[in-house]
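Below: one structure, written as structure tokens.
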Amino acid sequence: EARVSEEPTIEVSKSRILLVDDQTGTGSSLAVAKKYLLNLGAAEVRTFCLFSRKPEHCDYFVNPGMGVYFPWGKDA
């Protein structure tokens, strides 16, 4: 289950934020982080992902339908 484990180190209230991830499988981490930032008062949160299995998981993406194993990922 995705969860936010650290507080932001800067003020996000009234900010326009681009939330970036290397890849997403289910989209849950981006959705949880986006909701969290909006609850902190962010004016807008959009998401970008390099590799997304489904384009609807994020606002912007580069490589839809692809998955890559990164050495820092939980699948490594």
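For segment 23-40, 3J(HN,Hα) computed residue by residue from phi via the Karplus equation (6.51, -1.76, 1.60; θ = phi - 60°) reads 7, 9, x, 9, x, 5, 5, 5, 5, 5, 5, 4, 4, 4, 5, 5, 5, 7 Hz, glycine and proline entered as x. One decimal place: the segment residue 5-residue 54 gains 15.1 nm when fully extended, by the rule 0.36 nm per residue minus the C-alpha distance. Binning the C-alpha pair distances of segment 2-51 at 5 Å intervals from 0 yields a P(r) profile of 5, 20, 32, 25, 14, 4 %, listed from the shortest bin outward. Here the 3J(HN,Hα) profile of segment 4-12, calculated from phi with Karplus coefficients 6.51, -1.76 and 1.60 at θ = phi - 60°, is 8, 10, 9, 6, x, 8, 10, 6, 10 Hz, Gly and Pro shown as x.
Heavy-atom accessible area for residue 60, with the other protein chains in place and a 1.4 Å probe, reaches approximately 100 Å². Listed values for segment 47-54 are Karplus-derived 3J(HN,Hα) couplings in whole Hz (6.51 cos²θ - 1.76 cosθ + 1.60, θ = phi - 60°), namely 10, 9, 9, 5, 10, 10, 5, 10, and x replaces Gly and Pro. Judged by the mean number of other Cβ atoms found within 10 Å, the most tightly packed of the peptides 10-21, 37-48 leads the ranking 37-48, 10-21. Close amide-amide hydrogen proximity is noted between residue 61 and 49, each under 5 Å apart and 5 or more residues distant or on a separate chain (H modeled in the peptide plane; Pro and chain starts excluded). Distant-in-sequence amide contacts of residue 45, defined by a placed amide H-H separation under 5 Å and a gap of 5 or more residues or a different chain, comprise 17. Rounded to the nearest 20, the size of the Cβ-charge dipole of segment 8-61 about its Cα centre is 120 debye, with Lys and Arg at +1 and Asp and Glu at -1.
Spin-label model, residue 20 to residue 32: label points 7 Å out along the Cα-to-beta-carbon direction sit 2.2 nm apart.
The values are calculated or read from the model by the stated rules, or taken from the named source; none is laboratory data. As the structure is a computational prediction, the values presented were derived from the model and not from experiment. Note that each Cβ is placed from the backbone with ideal geometry, even for glycine, and that neighbours are counted across all protein chains shown. Note: accessible area is taken over every heavy atom of the protein model, side chains too, but ligands, DNA and RNA are not part of it. Shrake-Rupley method; radii C 1.70, N 1.55, O 1.52, S 1.80 Å.
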